[in-house]
Number of protein chains: 2
Amino acid sequence: MSDPSPDAAILAAWLRNATPWEAAVREQRIESRRLVTDQAIVAAVKAVAPCRVLDLGCGEGWLARALIAEGMTVTGVDAVPELVEAARRHGDGAFHVVAYEQLAAGVPGAPFDAVVCNFSLLGEQSVEQVFAALPALLVPGGHCIVQTLHPLIACGDAPYRDGWREGSWAGIDGDFKEAAPWYFRTLESWVGLFMRHGLTLEVLREPLHPATQRPAAIILIAVRSENLIY
Amino acid sequence: MSDPSPDAAILAAWLRNATPWEAAVREQRIESRRLVTDQAIVAAVKAVAPCRVLDLGCGEGWLARALIAEGMTVTGVDAVPELVEAARRHGDGAFHVVAYEQLAAGVPGAPFDAVVCNFSLLGEQSVEQVFAALPALLVPGGHCIVQTLHPLIACGDAPYRDGWREGSWAGIDGDFKEAAPWYFRTLESWVGLFMRHGLTLEVLREPLHPATQRPAAIILIAVRSENLIY
């Protein structure tokens, strides 16, 4: 048998790390999330004032719960059954096991006013599949909100080019097993991904880490064009 | 008398450094321009296929000449009379002495299909004045193309926040006098500047320096919305 594709390796890594991940998120062990990015993504979603939200790659569901507390109706999907079960256990909201390649076939409750992806777009082909499905998941004028690693910060010493990178659980306490690779995208590549799929960038945010005074992440807010070209 | 504003200090610095600057550009002494950013800005303008172009902050006119060679009709404006005279001396094209605060009053030949600003947006209030004038300078559907220092690269060790920074001529041979301060903007701030002025970002480019494998600059291409909100 040949090695699985890097995209399949990402899912395999989440399947084998679901338990320690759920604990790390629930116990707020990730400093940058606790100090910066959790509140930044909630504020970004609130900024577009959606009624019905899809939390795409919802994990154990903390963001869905936070958005429900703000009065939104939230559906969460994730490819990892153990995390979806945890989300159902810990709060309200409709949670479904849906792999990214299944999104194009539809999600219960679609279309949504907003689709939010919080550090959940880690692959190459799988992310293309998400973006290809977005027009069907969003109402016209609906928003897509992505928070991800800031390319210029996450690049490290490697050349600044799209490509697969080795993953790591460094900085997160827990009984983690082998990490997945992840697909690095330049800022040019991220912006191009939105444009190619009929999404117009409206806002770009760079939430600052108070200790480093550098962006802890990047948030892109885009709107589905009313008149899609394709 | 009080000190001049930082924005006024920028213009004063260009007035006193016009002669060595003209020589540095004409003799291609700036490596990043020679290797990367000159061809990147020409390619970016060609990508939107404009007929009539305004080269805003044209300096000694190299870009105007390059765009004329591509078949475009080019008007160049700059606040520094010595540089405008050099531009007139070295090539075709209509060149005018216009300070940024005068742009809103109009430019001969306006409106244009594209306005290009190549490393010419260095101030705080003066840049706001440029953006406020853009809707009057561009046809509906016209493009604004800005090449500038890449915020994440140019930030250095200072906090990643908008603010005035000390300038320097480091890396450029020539008989330069005191450099001007410049106003650092985060990426979030740059993108917000476009959005606030009715310009929709279409493309973001990060031309790579072949030696460092890091972006040598950032290029933002935005379109004037057909239906301005304000």
Can you pull the three principal axis extents for the Cα set of the protein assembly as shown, in Å, largest first? 74, 54, 42
Restricting to the protein assembly as shown, compute how many DSSP beta bridges are antiparallel as a %, nearest 5. 45
For the range B:6-224, just the Cα atoms, rotate onto the principal axes and tell me the three extents in Å, largest first. 40, 38, 34
Around B:His96, which amide H atoms from residues at least 5 apart in sequence, or from another chain, sit under 5 Å from its own amide H, with H modelled in the peptide plane? B:Gly76, B:Val77, B:Asp78
Cα-centred dipole magnitude for the range A:6-224, charges only on beta-carbon of K, R (+1) and D, E (-1), debye, nearest 20: 380
For label points placed 7 Å from Cα toward Cβ, what is the shortest-first list of nm distances from A:Ser5 to its copies? 5.5
Give me the number: length gained by fully extending A:Arg34 to A:Ala158, i.e. 0.36 nm times residue separation minus the C-alpha to C-alpha distance, one decimal in nm. 41.9 nm
Which of the aspartates and glutamates could be linked to B:Lys46 by a straight reach, that is with a Cα gap under 14 Å, when you skip same-chain ones fewer than 8 residues away? B:Asp38, B:Asp55, B:Glu70, B:Asp113
So, in nm, how far is label B:Ala23 from label B:Lys46 when the simple model puts each one 7 Å beyond its Cα toward the Cβ? 3.2
What are the residues whose amide H is under 5 Å from the amide H of A:Trp164, where those residues sit 5 or more places off or on another chain and H is modelled from the backbone? A:Phe184
Sort B:130-140, B:48-58, A:102-112 by the packing proxy (mean of other Cβ within 10 Å over each peptide's residues), most packed first. B:48-58, B:130-140, A:102-112
Once amide hydrogens are built 1.01 Å from N within the peptide plane, the residues lying 5 or more places from A:His209 or on another chain with amide H under 5 Å from its amide H are A:Arg214, A:Ala216
Rounded to the nearest 5, the percent of antiparallel DSSP beta bridges in the range A:6-224 equals 45
Step through the residues of the range B:42-53 one at a time and calculate ³J(HN,Hα) from phi using the Karplus curve (6.51 cos²θ - 1.76 cosθ + 1.60, θ = phi - 60°), rounding each to whole Hz and writing x for Gly and Pro. 4, 5, 5, 5, 4, 4, 9, 6, x, 8, 10, 10
Chain B Cβ-axis minimum, rotational copy A, residue and distance in Å: B:Leu152, 2
Calc'd 3J(HN,Hα), the range A:182-196, phi into Karplus 6.51 cos²θ - 1.76 cosθ + 1.60 (θ = phi - 60°), Hz, glycine/Pro = x, comes to 9, 9, 6, 10, 5, 4, 4, 5, 4, 5, x, 4, 5, 4, 5
Projected-area mean, the range A:28-78, by convex hull of Cα positions, square nanometres: 3.4
Karplus ³J(HN,Hα) for the range A:7-13 (6.51 cos²θ - 1.76 cosθ + 1.60, θ = phi - 60°; Hz, whole; x = Gly/Pro) runs 5, 5, 5, 5, 4, 4, 5
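Dividing the convex hull volume of the alpha carbon atoms of the range A:18-138 by its residue count, what do you get in Å³ per residue?
98
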Model label zone, B:His90; criterion: amide N under 13 Å from point 7 Å along Cα-to-beta-carbon; scope the range B:5-39: B:18-30, B:34
Step by step: find N for the range A:166-228, compute 2.2 N^0.38 Å, then divide the Cα radius of gyration by it. What's the final number? 1.51
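Each value in this text was obtained by applying a stated rule to the coordinates, not by laboratory testing. As the structure is a computational prediction, the values presented were derived from the model and not from experiment. Don't worry about glycine lacking a Cβ; one is built from the backbone with ideal geometry, like all the others, and counts go over all protein chains shown.
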